[in-house]
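Readers should treat all values here as calculations from the given coordinates under stated rules, not as data from a laboratory. Because the structure is predicted, anything quoted here is derived from the model rather than measured.
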Amino acid sequence: MAERGCYLLWLRHDGAGLLPFMEVIIQPTYQQLVAIAAEIIRDALLKKPNLVLGLATGSTPIGLYETLVRMHKENGLDFSDVTTFNLDEYIGIPSAHPCSYHTFMTTHFFNAVNIPVANRHIPQSTAENHEAFCEGYEAAIASAGGIDIQVLGIGKEGHIGFNEPSSSLGSRTRIKTLTQSTLEANAQHFGGTVDAVPKMAITMGVGTIMEAKRCLLLANGESKALAIARAVEGPITAEVPASVLQMHPQTVVLIDEAAASQLKRVDYYKQVYANKQKLLRI
Ligand code: F6R
């Protein structure tokens, strides 16, 4: 009985559990994994209407935003008291640039839900005093009460935010130079031209991300399989910044079969998740 109580505490997904864990959930399709991510955010929002969300851009979370928008439009999920902080933004292009993360967020999420403009925060690529801006961004997160749920994608070399390999695991919001791998991966959004991708970005630090109460790391496709294997089963190292999430109190790694294809313990993660579903039905 004591053991069941312990499990149920772990299963609650409400940020109140006492047991630190990294949970790996493998789903057959991308749509299924973003559906679970959206449900976790919806449940948290229903419990805490003034939820503080940390948000990511890039291809991976697009389906998550589509699902949350549907929940808003069809089921009245209310974002009117939500505050958001985006992970990162390029330096050297204006906020209104079609490839900026400001434009991405407006297009994929902000235009379609009711988060007040004053509650949305995205690093500002045109800030003249970057250092003061970065300090202010950290202070704004703290004064909002910290991030309740941080949505993360992962780079092919294991970055989270734009914390490239070799980033300090204690780093805070600051400017980073992007690696060649990131420039090449992101060229698709800049007409396929690597030279057109800004070379630097402002990003929340690894330490900033680690202070989020919960993290949801999403990945799909074979191109992320090695990064996921290194992040989940490799040593904790600045060479793979996402690996530090093994030390985070509550991280859910939500991946499809292709992104899971280089993990050693796929069967075990599936067994753990199946047992959890069984326990939830007891
Ligand atoms: C974007 C971000 C990056 C991306 C990562 C994966 O805000 O923080 O870490 O999550 O580069 O990008 P996609 O999803 O485009 O593969």
MRE, 222 nm, helices only [DSSP H, n ≥ 4, -39500 (n - 2.57), over the chain, to nearest 500]:
-11000 deg cm²/dmol
For region 271-282, 3J(HN,Hα) per residue [Karplus equation, 6.51 cos²θ - 1.76 cosθ + 1.60, θ = phi - 60°, Hz, x = Gly/Pro]
5, 4, 5, 5, 4, 4, 4, 4, 4, 5, 8, 5
Tilt, helix 2-11 to longest principal axis of the chain (alpha-carbon atoms), in degrees rounded to tens, equals 30 degrees
Read phi for every residue in region 245-257 and hand back ³J(HN,Hα) as whole Hz from Karplus 6.51 cos²θ - 1.76 cosθ + 1.60, θ = phi - 60°, with x for Gly and Pro.
5, 4, 9, 7, x, 8, 10, 10, 9, 10, 9, 8, 4
What does the C-alpha gyration tensor say about the overall shape of region 29-89? Classify as rounded when a/c is under 1.5, otherwise prolate if a/b is larger than b/c, or oblate.
oblate
HN-Hα J in Hz across region 39-46 - Karplus 6.51, -1.76, 1.60, θ = phi - 60°, x for Gly and Pro
5, 4, 5, 4, 4, 5, 5, 5
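What percent antiparallel are the DSSP beta bridges of region 20-281, to the nearest 5?
Around 30 percent of the beta bridges assigned by DSSP in region 20-281 are antiparallel ones.
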Inter-part gap, Cα centre of region 169-201 to Cα centre of region 82-106, in whole angstrom, is 14 Å
For Cys215, other-chain or 5+-apart residues with amide H closer than 5 Å (H placed, Pro excluded) are Gln150, Gln250, Thr251, Val252
Under 18 Å from the Cα of Lys276 - aspartates and glutamates, other chains or at least 8 residues apart:
Glu3, Asp14, Glu23, Glu39, Asp43, Asp267
